[in-house]
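Q: Handing you a structure now.
The values are calculated or read from the model by the stated rules, or taken from the named source; none is laboratory data. Since the model is a prediction, treat every value here as computed from it, not as a measurement. Glycine also receives a Cβ, built like all others from the backbone with ideal geometry; neighbour counts cover every protein chain displayed. To get the accessible areas, we keep the full protein, side chains included, count just its heavy atoms, and leave off ligands, DNA and RNA. Shrake-Rupley method; radii C 1.70, N 1.55, O 1.52, S 1.80 Å.
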Amino acid sequence: RVRFDSFFGLGSAFLQAYLTGNDAGDTYNLDRSTILRLQGVEKTQSIELSGVVDKSKVYDAEFQHNFSPLEGHFITWGGQWSLWKPNTEGTLLNDGPNRPPITVNEVGAYLQYENEMVDKLRMTAIGRYDYNEAFGEQFSPKVGLSYTAGNHNFRITYNKAYQNPDLTNGFLNVT
């Protein structure tokens, strides 16, 4: 993670990137193991046949920049990128032997504008665009007004939020 307190002399920014990995270890599907046991398979073998593999990785990167071009005007913009590379060897997802690996790119960008319209009254407008290779694109707007009176804040907002389904919704192995 890198933070810039003076990003080209115009506000502050940060950049971060990270990798997340999984290892399911000795995890197994209890439902499948129970069904096998009911069919007469011994316990050790039913657990072995119900094993879950998860060697998945997710690569992420984010950037955000904040600045104030004029007094009372504040802009924040940024973007995110994720590359999902699940690897369950067919035990959970459709990525098993004789199937191509699953990779899903996801990108997002946002822009936020805030304006102190008059003393104690602030207007905020935000737009975010997201694109996911597996689930398509989405635009999420948000607008709001906030008023400060002493120690109290009053706010009215409208927004439309969206969350991509997780990968099991598009790639679950149900066989």
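Q: Read through the list (1) at pLDDT 90 or above; (2) open to solvent by 50 Å² or more (accessible area, probe 1.4 Å), then give the number of the only condition that GLN64 fails.
A: That leaves (2) as the condition not met.
Q: I'd like the residue in segment 148-175 that is over 24 Å from the mean Cα position of the chain (by Cα) and open to solvent by 100 Å² or more (accessible area, probe 1.4 Å) and, out of all such residues, is farthest from ILE102 (Cα to Cα).
A: Step one: filter segment 148-175 for residues over 24 Å from the mean Cα position of the chain (by Cα), giving 148-156, 174-175.
Checking the rest, the ones that are also open to solvent by 100 Å² or more (accessible area, probe 1.4 Å) come to 151-156, 174-175.
Values: ASN151: 51, HIS152: 49, ASN153: 47, PHE154: 46, ARG155: 43, ILE156: 42, VAL174: 16, THR175: 17 Å.
That would be ASN151.
Q: Something else now. Kindly provide the set of residues from segment 121-150 that are of a type in the set (Val, Ile, Thr) and more than 28 Å from ASN105 (Cβ to Cβ), ordered by number. Give the steps one after another, and end with the answer.
A: Let us first name the residues in segment 121-150 that are of a type in the set (Val, Ile, Thr), namely 124, 126, 143, 148.
Within segment 121-150, THR124, VAL143, THR148 qualify.
Q: Still on this model: Only one residue in SER46, SER50 is of a type in the set (Gly, Ala, Ser) and closer than 25 Å to PRO100 by Cβ. Which one?
A: Numbers: SER46 fails: closer than 25 Å to PRO100 by Cβ.
The match here is SER50.
Q: Against the condition open to solvent by 70 Å² or more (accessible area, probe 1.4 Å) and within 22 Å of the chain's Cα centre (by Cα), how does LYS142 come out, does it pass? Please lay out each step first, then the result.
A: Working: open to solvent by 70 Å² or more (accessible area, probe 1.4 Å): yes; within 22 Å of the chain's Cα centre (by Cα): yes.
Considered against the rule, which asks whether it is open to solvent by 70 Å² or more (accessible area, probe 1.4 Å) and within 22 Å of the chain's Cα centre (by Cα), LYS142 comes out as yes.
Q: So, in segment 101-139, of the ones that are within 25 Å of PRO165 (Cβ to Cβ) and charged (D, E, K, R), which residue ends up surrounded by the fewest Cβ atoms within 10 Å (Cβ to Cβ)?
A: For segment 101-139, the residue satisfying everything is GLU137.
Q: Restricting to segment 96-150, count the residues that are more than 18 Å from TRP77 (Cβ to Cβ) and of a type in the set (Val, Ile, Thr).
A: Final tally of qualifying residues: 5.
Q: I'm trying to understand the selection: among the residues of segment 118-136, which are under 21 Å from GLY170 (Cα atoms) and at pLDDT below 95?
A: Selection gives ASN132, GLU133, ALA134, PHE135, GLY136.
Q: Please go through segment 1-39 and pick out each residue that is of a type in the set (D, E, K, R) and either touching a residue at least 60 places away in the same chain (Cβ under 8 Å) or assigned to a loop (DSSP other than H, G, I, E, B) (or both).
A: Our first condition is that a residue be of a type in the set (D, E, K, R); within segment 1-39, this holds for 1, 3, 5, 23, 26, 31-32, 37.
Correct list: ARG1, ASP5, ASP23, ASP26.
Q: Looking at (1) farther than 28 Å from PHE4 by Cβ; (2) in contact (Cβ under 8 Å) with a residue 60 or more places away in the chain, find the lone condition where ALA134 falls short.
A: (2)
Q: What tally of residues in segment 18-61 results from selecting those that are under 23 Å from ALA109 (Cβ atoms) and open to solvent by 50 Å² or more (accessible area, probe 1.4 Å)? First the steps, then the outcome.
A: Just the residues of segment 18-61 that are under 23 Å from ALA109 (Cβ atoms), to begin with: 18-20, 58-61.
With the extra rule that they be open to solvent by 50 Å² or more (accessible area, probe 1.4 Å), the set shrinks to 18-20, 59.
Within segment 18-61, residues that are under 23 Å from ALA109 (Cβ atoms) and open to solvent by 50 Å² or more (accessible area, probe 1.4 Å) number 4.
Q: Now, a different point. So, ASN98, is that one within 30 Å of TYR28 (Cβ to Cβ), polar (S, T, N, Q) and either open to solvent by 70 Å² or more (accessible area, probe 1.4 Å) or in contact with a His (Cβ under 9 Å, 6 or more places away or on another chain) (or both) or not? Explain how you work it out, then say what you get.
A: Details: within 30 Å of TYR28 (Cβ to Cβ): yes; polar (S, T, N, Q): yes; either open to solvent by 70 Å² or more (accessible area, probe 1.4 Å) or in contact with a His (Cβ under 9 Å, 6 or more places away or on another chain) (or both): yes.
So ASN98 passes the test.
Q: Check off (1) surrounded by fewer than 16 Cβ atoms within 10 Å (Cβ to Cβ); (2) farther than 30 Å from ASP5 by Cβ for GLU71 and give me the number that stays unchecked.
A: Single failed check for GLU71: (2).
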